Amino acid sequence: TDVDVSNVAVAPTVSLSASPTSITNGGSSNLSWTVSGTITSCTASGGWSGAKSTTGGSQSTGTLTSSQTYNISCTGPGGTSSDSVTVSVGSTPPTVSISASPTSINSGNSSTLSWSVSGSVTSCTASGGWSGAKSTTGGSQSTGALSSTQAFDITCTGPGGSSSDSVVITVIATPPPTISFAGSPSSITSGGSSTLSWSVSG
């Protein structure tokens, strides 16, 4: 006996993808789904929701601050097909800011460096006029006596990337001392006397 397959529903299939699947914090991805077979409805769940086109389509995730899994399920007379995709969101990139007080000093004097950090940070490293590991939560430090203009740099790194900042402290050379010498009176007769005076500045 021949079987009439003209009225047999084709089982549905659905495939869901995301581009890209890995983004930075605050970024977005584009979801795309394709379908085949006999389908009466498609429904989203997880990171999105609601009815979706039974002929396929695409949709932006919008801004994401955490990883999300997106599910879609399509149903027809021949059954149900589901698929899912995960969009991973990286850690917040760190930010670091450095300042100096004062930024202009006389030779032999010092200034105070201050830095602040935000975001996910695993290490901070100094370079330029200073060096070594620095606090990942921010802090302050004296430059010590400076005899020349210096740039102080700091770089902080975390899972989301790295951030750098720098500040320049200008050192003003101390002028040489000046001396003033005079006699009063400046002209005398033989056997006379004069008073000598001098002053020093700087």
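The values are calculated or read from the model by the stated rules, or taken from the named source; none is laboratory data. This one's a predicted model, so the numbers in the text were calculated from it and none came from an experiment. Here the Cβ is made from the backbone with ideal geometry for all residues, glycine too, and neighbour counts use every protein chain on show. Side chains included, ligands, DNA and RNA excluded: accessible areas come from the protein's heavy atoms. Shrake-Rupley method; radii C 1.70, N 1.55, O 1.52, S 1.80 Å.
Tabulated results
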| quantity | calculated |
| --- | --- |
| Contacts under 9 angstrom Cβ, first residue in region 118-146 being without any contact (Cβ under 8 Å) to a residue 24 or more places away in the chain and closer than 21 Å to P93 by Cβ, partner open to solvent by less than 70 Å² (accessible area, probe 1.4 Å) and in a loop (DSSP other than H, G, I, E, B), 6 or more apart | T136/P94; T136/V121; T137/V121 |
| Qualifying residue in region 16-38 (condition: open to solvent by 60 Å² or more (accessible area, probe 1.4 Å), more than 28 Å from G161 (Cα to Cα), assigned to a loop (DSSP other than H, G, I, E, B) and β-branched (V, I, T)) | no |
| Selected residue (criterion: surrounded by the fewest Cβ atoms within 10 Å (Cβ to Cβ)) from residues of region 56-75 that are β-branched (V, I, T) and touching a strand residue (DSSP E or B) at 6+ places or on another chain (Cβ under 7 Å) | T65 |
| Qualifying positions in region 151-175 - within 21 Å of T24 (Cα to Cα) and either open to solvent by 60 Å² or more (accessible area, probe 1.4 Å) or assigned to a strand (DSSP E or B) (or both) | T155, C156, T157, G158, P159, G161, S162, S163, S164 |
| Listing of strands (runs of 3 or more DSSP E) fully contained in region 42-126 that carry 1 or more residues being in contact with a Cys (Cβ under 7 Å, 6 or more places away or on another chain) | 50-52, 68-76, 79-89, 95-101, 112-118 |
| Residue list for region 180-196, restricted to those being among the β-branched types (V, I, T) and surrounded by 10 or more Cβ atoms within 10 Å (Cβ to Cβ) | I188 |
| Criterion violated by V200 - all others in (1) within 50 Å of the chain's Cα centre (by Cα); (2) in a strand (DSSP E or B) satisfied | (1) |
